[in-house]
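Shown next, in structure tokens, is the structure this report addresses.
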Amino acid sequence: MRVAKSPLRTDAPNRLTHRIGRSVLAATRVLILVVLVGWATLAIYYSNLPWSWVPAAAFLGFSVWALWLTKRSHMSWAFAGLFVVVAVSWTFIEPSHDRPWRPDVAVMPRAIIDGDRVRFTGFRNFDYRSGDDFTARYEEREVQLSHLTGVDFFISYWKIGPVAHTFVSFIFDNAPPVSISIEIRPEVGESFDLLPSLFKQFELSYVVGDERDIVRVRTNYRDEDVLLYRIDVAPADARRLFEVYLQRINQLADQPEFYHLLSNSCTINIVRYANTSGRSGRFDLRHLLNGWVDRYLYAAGWVDTSLPFEELRRRSWINDAARAADNAPDFSQRIRASLPGARLE
């Protein structure tokens, strides 16, 4: 005689799985809606509209009512239509070269390439009295591609942690290094702020200049902690990377772009240009959390691994050497004097 199976034995797991699936879908829907509402609210707030907090607050209030407080299903479509209006309007916000720029980013550099020779205009070499008090001096500087020997990597910390500023210097055997820093281009009265940087509030800038400017202003006047690492790269690879930078410098001088913390910022672009010039490797979270990017470079073998990482990091801190060198003509040599495997003579 056959015994009928209890429906509890077969249906209970199916019902549990179904409930879990519905809960996951509902939570995912809520998360997506929260992200959309948050993004659109901030996009309105940072839209430069007069009294922008008023339409931002109105949009937020309507969205919460339409999506969660009212039982009228058609109001979800009203939110969708309003969101599309905000998103489309946001795409029409264009970057510009014509704004009241702060003096330290007032001039966009250019690179004039003539065979082996590269001549920079707008090459920054300021004379500082404090972080905000300086004599602006833009120069012309010429280098030769055939004399480019390497790349050095800098990490500059406002506060030691997972977020920092990174930039590079290209090393020549017959000329001082050329330092290139990818930064925001702030207007008078502006300074970097995380949230606005995600919403088209800052244009992008490439500062090209002397290390006695770009490095020294951070170590000697802004009291940032600066680490300097030599990148283990062949001269030919360094030249390819330099040529990518030259192309981007001129593109930006011709066509402005917005800075974006997650897609068009210092470390993200350094990695992107390294990929273009031949780097092979996957994305790493430390490309975004760039205060830890030296750990990534060490793990990937891009820096000197003959020392333990913490020892290499200790010897890569250059603030004391930079303060001692100050505005000396051999500033670049002196900040590298204690680094492992000194390259500059």
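The values are calculated or read from the model by the stated rules, or taken from the named source; none is laboratory data. Being a predicted model, the structure only gives us computed values, none of them experimental. Positions of Cβ are backbone-derived with ideal geometry, glycine not excepted, and every protein chain shown enters the neighbour counts. Just so you know, the surface numbers come from the protein's heavy atoms only, side chains and all, with ligands and any DNA or RNA stripped out. Shrake-Rupley method; radii C 1.70, N 1.55, O 1.52, S 1.80 Å.
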- Chain lengthening between Ile112 and Asn319 when straightened (0.36 nm per residue, less Cα-Cα): 71.2 nm
- Task: Calculate how large, on average over all directions, the projected area of the Cα convex hull of segment 149-228 is; give the answer in nm² to one decimal.
- Result: 6.0 nm²
- Message: Quick check: convex hull over the Cα atoms of the chain, volume per residue in Å³, rounded to an integer?
- Response: 215 Å³
- Per residue value of the accessible surface for the chain (all protein chains in place, 1.4 Å probe), Å²: 53 Å²
- Message: Quick check: the distance between the Cα centres of segment 206-257 and segment 118-156, to the nearest angstrom?
- Response: 8 Å
- Solvent-accessible area, 1.4 Å probe, carbon plus sulfur percent, for segment 174-248: 48 percent
- Task: Tell me the label-point distance for the pair Asp330, Arg119, using the 7 Å Cα-to-Cβ offset, in nm and rounded to one decimal.
- Result: 3.1 nm
- Query: Which whole-number percent of Cα pairs in segment 71-177 have a distance greater than 16 Å?
  - Reply: 78 percent
- Separation of the Ala234 and Asn275 label points, Cα + 7 Å toward Cβ, nm: 2.3 nm
- Query: Which whole-angstrom value gives the distance between the alpha carbon centres of segment 291-335 and segment 14-35?
  - Reply: 49 Å
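Using a Förster radius of 56 Å, what is the FRET efficiency between Leu69 and Glu257 based on their Cβ-Cβ separation? Nearest 0.05, please. Write down the numbers at each step before the final one.
On the way: r = 40 Å, r/R0 = 0.72.
The computed FRET efficiency comes out at 0.90.
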- Message: What number do you get for segment 1-120 when its Cα radius of gyration is normalised by 2.2 N^0.38 Å, N = residues?
- Response: 1.99
- Task: Please find, in a Gaussian network model of the chain (springs between Cα atoms separated by less than 10 Å), the residue of Val215, Val86, Val107 whose mean-square fluctuation is greatest.
- Result: Val86
- With θ set to phi - 60° and the Karplus curve 6.51 cos²θ - 1.76 cosθ + 1.60, what are the ³J(HN,Hα) couplings of segment 98-104 in order, to the nearest whole Hz, using x for Gly and Pro? 10, 9, x, 6, 5, x, 6
